[in-house]
1. In the range 209-271, carbon and sulfur make up what percent of the accessible area (probe 1.4 Å)?
2. Using only the C-alpha atoms of the range 167-246, find the volume of their convex hull and express it per residue in Å³.
3. If we count every other residue with Cβ under 15 angstrom of Gly164's Cβ, Lys/Arg +1 and Asp/Glu -1, where does the sum land?
4. Quick one: Karplus J couplings for the range 223-234, per residue in order, coefficients 6.51, -1.76, 1.60, θ = phi - 60°, nearest Hz, x for Gly and Pro?
5. Show log10 I(q)/I(0) for the range 209-271 at q = 0.26, 0.29 Å⁻¹, two decimals, from a solvent-free Debye sum over equal Cα scatterers.
6. Can you give the extra length, in nm with one decimal, that the chain gains between Asn129 and Lys263 once fully stretched, where that is 0.36 nm per residue apart less the Cα-Cα distance?
Amino acid sequence: MSLSIGIVGLPNVGKSTLFNALTKKGVPAENYPFCTIDPSVGIVPVPDERLTKLSAISKSKKTIPAIVEFVDIAGLVKGASTGAGLGNKFLSHIREVDAIIEVVRIFEDKAMIHVHEAIDPLFDIEVINFELEQAGIKKPTLYVLNTSEAAENVKRDFISKLPGPYIEVDPIFGTGLDNLIKASYDLLNLITFFTTGEDESRAWTTVRGATAPFAGKSIHTDFRDKFIRAEVVAYDKLVEAGSFAKAREHGWVRTEGKEYIVKDGDVIEFLI
């Protein structure tokens, strides 16, 4: 399954800087509102050292990570749901994503203009969420508190009042970015399973609680529609064995049917 996450927030809170840090793709991040008008899209590999080890075990020719699509959406302002600040166009982009990362600036910097001329994280969140609600947008939201090692951060006494899960990042120095991707998976209740062999080792994404056929459709709909059984081994057991054949000798490779619930880290061979 493909995963698309929209990065939203007020102008000049660090959305495009975060996007650039995640994707290493240059988009305008100048110090004025509405610099980004059309959404920029970046494909980001999901960091997972398990995949690297599986590829080494199988001597795979290719290693293909799971990916997340990040969409940098231009800054929203008060009144966006009624068209202020090109709001209708921006909100239409948000409707197309699976989840929202809401960037909230929590550092003071006189050289960087804030649209409300003051740093008030809860008020900023209130403005954005009101506009999203008015536009009928209710997707899962992760609050990303944009900190700065080079500037003064506001007191964190507001954190207990945040309306949802959050993480802290510093896009300038790139700290917390891997945690952001992991938190995005947790937000959407997603897990990773693997396929591995001489041709390729690959990470796949499915929802937690998915049955084997449902997870298999991430690879191809035939694995759902024509599913017979799945050969499954836990990642750590496969690494311990050193090969799929050795894991089978140890009895660690299980034959599972249509009702099997895929677990994070499962290495699966689908049979149709």
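The values are calculated or read from the model by the stated rules, or taken from the named source; none is laboratory data. Note that the structure is predicted; figures quoted are calculated from it, not measured. Here the Cβ positions follow ideal geometry from the backbone for every residue, glycine too, while neighbour counts run over all protein chains shown. Ligands, DNA and RNA are excluded from the accessible area calculation, which covers all protein heavy atoms including side chains. Shrake-Rupley method; radii C 1.70, N 1.55, O 1.52, S 1.80 Å.
1. The value for the range 209-271 is 51 percent carbon and sulfur by accessible area.
2. Taking the convex hull of the Cα positions in the range 167-246, it is 148 Å³ per residue.
3. That sum, taken over residues with Cβ under 15 Å, equals -3.
4. The phi angles translate into 6, 8, 6, 10, 4, 10, 7, 9, 9, 10, 9, 5 Hz.
5. Debye output, listed in q order: -1.03, -1.16.
6. Answer, rounded to one decimal: 44.9 nm.
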